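Read through the structure below, which is laid out as structure tokens, and then see the notes.
The values are calculated or read from the model by the stated rules, or taken from the named source; none is laboratory data. As the structure is a prediction and not an experimental result, all values here were calculated from the model. Don't worry about glycine lacking a Cβ; one is built from the backbone with ideal geometry, like all the others, and counts go over all protein chains shown. The protein model used for the area step is the full one, side chains on, heavy atoms only, and it has no ligands, DNA or RNA in it. Shrake-Rupley method; radii C 1.70, N 1.55, O 1.52, S 1.80 Å.
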Amino acid sequence: QVQLVESGGGSVQAGGSLRLSCVASRTITSRGIMGWYRQAPGSQRELVATITSGDSTNYADSVKGRFTISTNNAKNTVYLQMSSLKPDDTAVYYCYQKHFALSPKYDRDYWGQGTQVTVSS
């Protein structure tokens, strides 16, 4: 089992910035990714950004140019720097870690407990 602990959420005015952090009990290897998803009230959970152990990144179109995902050298902590925040960014943000096995049926997904981000206009 992998434990993921998020921090850094809060309330901010539109145009402001926040930095989320997530510490994992397990590092990612070449067969893993870490990332962030978010879920707004009444909406499905959606991808925000992911990063591989080789630092390849992927972003949702809605956050490109505003959010930056990164990891530490140990590859057990993932950050999400959020700038130019909009009210539409208001959601619970979840840290995510995926480990790929040789057989897909053994792939494993892990989630943090979530941290609230509220952006007021």
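Can you find, within the stretch 60-100, the residue that is most open to solvent (accessible area, probe 1.4 Å) among those that are of a type in the set (S, T, N, Q) and not in a strand (DSSP E or B)?
In the first step, residues of the stretch 60-100 are kept if they are of a type in the set (S, T, N, Q); the result is 62, 68, 70-73, 76-77, 81, 83-84, 90, 97.
Filter again for not in a strand (DSSP E or B), leaving 62, 72-73, 76, 83-84, 90.
Working: 62: 61, 72: 38, 73: 158, 76: 39, 83: 37, 84: 64, 90: 38 Å².
Among them, the one singled out is 73.
Would you please name the residue that is farthest from residue 97 (Cα to Cα), looking only at residues in the stretch 46-59 that are within 11 Å of the chain's Cα centre (by Cα) and open to solvent by less than 70 Å² (accessible area, probe 1.4 Å)?
59
Hey, could you check the stretch 28-42 for residues that are open to solvent by less than 60 Å² (accessible area, probe 1.4 Å) and not in a strand (DSSP E or B) and say which is modelled with the lowest pLDDT?
Filtering first and then ranking leaves 28.
Can you go through 70, 62, 7 and tell me which one is among the small types (Gly, Ala, Ser) and closer than 14 Å to residue 97 by Cα?
Only one candidate qualifies: 70.
Confirm whether residue 115 is open to solvent by less than 50 Å² (accessible area, probe 1.4 Å), in contact with a Gly (Cβ under 8 Å, 6 or more places away or on another chain) and under 15 Å from residue 40 (Cα atoms).
In short, yes.
Using the structure shown, decide if residue 103 is more than 14 Å from the chain's Cα centre (by Cα) and either under 24 Å from residue 41 (Cα atoms) or open to solvent by less than 10 Å² (accessible area, probe 1.4 Å) (or both).
No, not satisfied.
Scanning for something open to solvent by 20 Å² or more (accessible area, probe 1.4 Å), of a type outside the set (Lys, Arg) and at positive phi, does the stretch 13-24 turn up at least one residue?
yes
Please identify the pairs in which a residue from the stretch 101-121 that is free of Cβ contacts under 8 Å to residues at least 12 places away in the same chain has its Cβ atom under 6 Å from the Cβ atom of a residue that is surrounded by fewer than 11 Cβ atoms within 10 Å (Cβ to Cβ), counting only partners at least 6 apart or on another chain.
Pairs found: 107/101.
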